[in-house]
1. What FRET efficiency comes out for the pair A:E42/B:A22, r = Cβ-Cβ distance, R0 = 30 Å, nearest 0.05?
2. Which ³J(HN,Hα) values, rounded to whole Hz and listed in residue order, are derived for segment B:211-222 from phi using the Karplus coefficients 6.51, -1.76 and 1.60 in 6.51 cos²θ - 1.76 cosθ + 1.60 with θ = phi - 60°, glycine and proline given as x?
3. Grab the DSSP H runs of chain B that are 4 residues or longer, score each as -39,500 (n - 2.57), total them, divide by all residues and round the 222 nm result to the nearest 500 deg cm²/dmol.
4. Can you give the angle from 0 to 90° between the axis of helix A:34-51 and the longest principal axis of chain A, with both taken from C-alpha atoms, to the nearest 10?
5. Return the long-range amide H neighbours of A:A242 (sequence gap of 5 or more, or a different chain), with a cut-off of under 5 Å between placed amide H atoms.
6. Amide H of A:S86 versus every other amide H placed in the peptide plane: which residues, excluding those fewer than 5 positions away on the same chain, fall under 5 Å?
7. Can you give the convex hull volume of the alpha carbon atoms of segment B:1-106 per residue, in Å³?
8. Between Rg and the Kirkwood Rh of chain B, both from Cα atoms, what is the Rg to Rh ratio?
2 protein chains.
Amino acid sequence: VKPLEPNLRVPGPTPVPPQVLAAMARPMINHRGPQFRALLDEILAGLRPVFGVKEDVLIFPSSGTGGLEAAIVNTLSPGDRVLSVSIGYFGDRFARIASDFGADVMHLDFPWGQAAEPEMVAQRLRLDPSIRAVLITHNETSTGVANDLEAIARVVRDTPALLIVDAVSSLAALPLPADAWGVDVVVTASQKALMTPPGLALVSMNDRAWLAHQTSRMPRHYWDFAAAKKAQDKGQTPYTPALSLLYGLAESLSMIQAEGLPAVYARHHAVGEFTRRGVQRLGLSLLADPVHASDSVTAVRLPDGMDGKALLSLMADEHHVVLAGGQGSLDGKLFRIGHLGWVRLPDVESVLSGLRTVLPGLGYRLDG
Amino acid sequence: VKPLEPNLRVPGPTPVPPQVLAAMARPMINHRGPQFRALLDEILAGLRPVFGVKEDVLIFPSSGTGGLEAAIVNTLSPGDRVLSVSIGYFGDRFARIASDFGADVMHLDFPWGQAAEPEMVAQRLRLDPSIRAVLITHNETSTGVANDLEAIARVVRDTPALLIVDAVSSLAALPLPADAWGVDVVVTASQKALMTPPGLALVSMNDRAWLAHQTSRMPRHYWDFAAAKKAQDKGQTPYTPALSLLYGLAESLSMIQAEGLPAVYARHHAVGEFTRRGVQRLGLSLLADPVHASDSVTAVRLPDGMDGKALLSLMADEHHVVLAGGQGSLDGKLFRIGHLGWVRLPDVESVLSGLRTVLPGLGYRLDG
């Protein structure tokens, strides 16, 4: 008997629709031939509206972390001053990548659970005109907070600094029209709202970013955007592409296109609201500042003294619901519910009903 | 009607067995949970004999090129002198990666079609004891030549230089017992003899290589081997792994184990011999020095004046056989037949019979 497939509610990898899995079973092709060119063209056409860009998106066999590294080494030089605007674990990691490559990183950190304040970003840029780039996470997966990226882009784009955005857990879940907002570099990955298994990093670069690329001197080979663009313009990639994942991505992009981006965003918002209301009805509290709560992941504070590992185990063993714990300094202090990509209200309903059954056994008194 | 599946005979990506494609259709799992740990343990156990190593192999979401970059940035520092031993296009590229990261690259190039001479490698190392590493391609995909890696390892291991090997088109096709031969770093990728779609790079490091890692100062984050090893030792990866490809790799490794490594190597050797004999019976000549002809790919010289593109098109359109052209300076001068991974004699028989039919139409007189 095939075991019941668990309800995977970590904030990525997200469940992959059957038609995407089926597409991935297609046989290998010559990656220097006309079939590959057609596949790549279809994917690039599908990605442009999702990123909200006119330029082609660059695609790498890589996880999202590699895409972030690629964005940094293709736009900056050792010693360049950058402003890290961090609201959590992934913001901190983004800064670490930059410093690992010799950038001079200034930190503007906000308490975990809060969003970045655009006016404070503007202040820092006014005070220090030598800042070459601002690094920021659009949606912080560790805290369930979405930054007001439109407002932040507005203050950055009047300065010489590039805006480089980690959109790994936001793109295709939250609106991010990069060209319209003036976001210079956007990085995402396949395994979140793009509903494809992990293994692809995707990066958009606007004209300003390509200009920075010309003078960027951080060492690179695998990530070199000039080589990637040159190859992609010929319908190829600089080295063997991750064909199966590209087959899957083409399928998921056509699903997004069929649903329509506004409907995709509305669905994520509805599911996000439903999740937050449901969690609060159980008497639990959210980590995120309510104004900036993320529509792709919800971080829930563990009740005082509750063993988070026990909660996650019970949810998995008794309810086939797989949740995530806290990261970094939030380890043991919260659990997280992913609701991005291929998700509908019933997926979260079963999380909430599971919690309702499990929590009393862990000594938590339900109010309702 | 489903079109006939072409006989993909480029030297990678190679055809993927149906059971590997089927394994890849499994649903996503939490990459921080016990199921992933079991999957990773199974893969690492399966890889050890294929690499011939006692240490765990490190796995990255990446193409093979990324694996080569990873090997370099984890063992060397800017300014380090390295010896590039190149016999073709991929050897040259390996050297370029090293120089892109600031290594001081000395070149020992051999004519394309020839193998490297171990005694000349030994001479260079004697003349220049400051050489920190030797970069070499085990099997040069662009020329169809396999280096005598055992002999080269013998001359390198008596010196302080590390031996870093591009085994992308050799591992699991040609014997490469890394520990027994004293090969310090071995890099391969999923889409060749490992019979899995592209998107995974795999790297082995022995004790000497880990010692070099401790003082290596090339900048890195995504590729950092210390982080990868620390995570893998806990049954995880530093960031989201390419799950579907790992499902596939576990399956292909169990196929290799079932066939037995000696039988896998013998099959590649038999198919290689069969290919070379068949090509020569058509009156065509091989690029490779016959003593070092590769058992995973055969490079065939185009008859004088023949249009290689026309040959490849006719083979694809009329015989459903997909071959590769020449790379770099060999573009337009040869065609290549891949015969590694999931390959048997009939796969090459259909190539040869296709050539027999197509060549006369291109003005080539068959002798037989």
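The values are calculated or read from the model by the stated rules, or taken from the named source; none is laboratory data. Since the structure is predicted, the reported quantities are computational estimates derived from the model, not experimental observations. Ideal geometry is used to build each Cβ from the backbone, glycine not excepted, and the neighbour counts take in all protein chains shown. Note: areas computed on protein heavy atoms with side chains; ligands, DNA, RNA excluded. Shrake-Rupley method; radii C 1.70, N 1.55, O 1.52, S 1.80 Å.
1. Calculated value: 0.75.
2. 5, 4, 4, 4, 9, 5, 10, 5, x, 6, 9, 4
3. Per the formula, -12500 deg cm²/dmol.
4. 70 degrees
5. none
6. Residues meeting the criterion, in which the H sits 1.01 Å from N, are A:L108, A:D109, A:F110.
7. Expressed per residue, the convex hull around the Cα atoms of segment B:1-106 is 184 Å³.
8. 0.98
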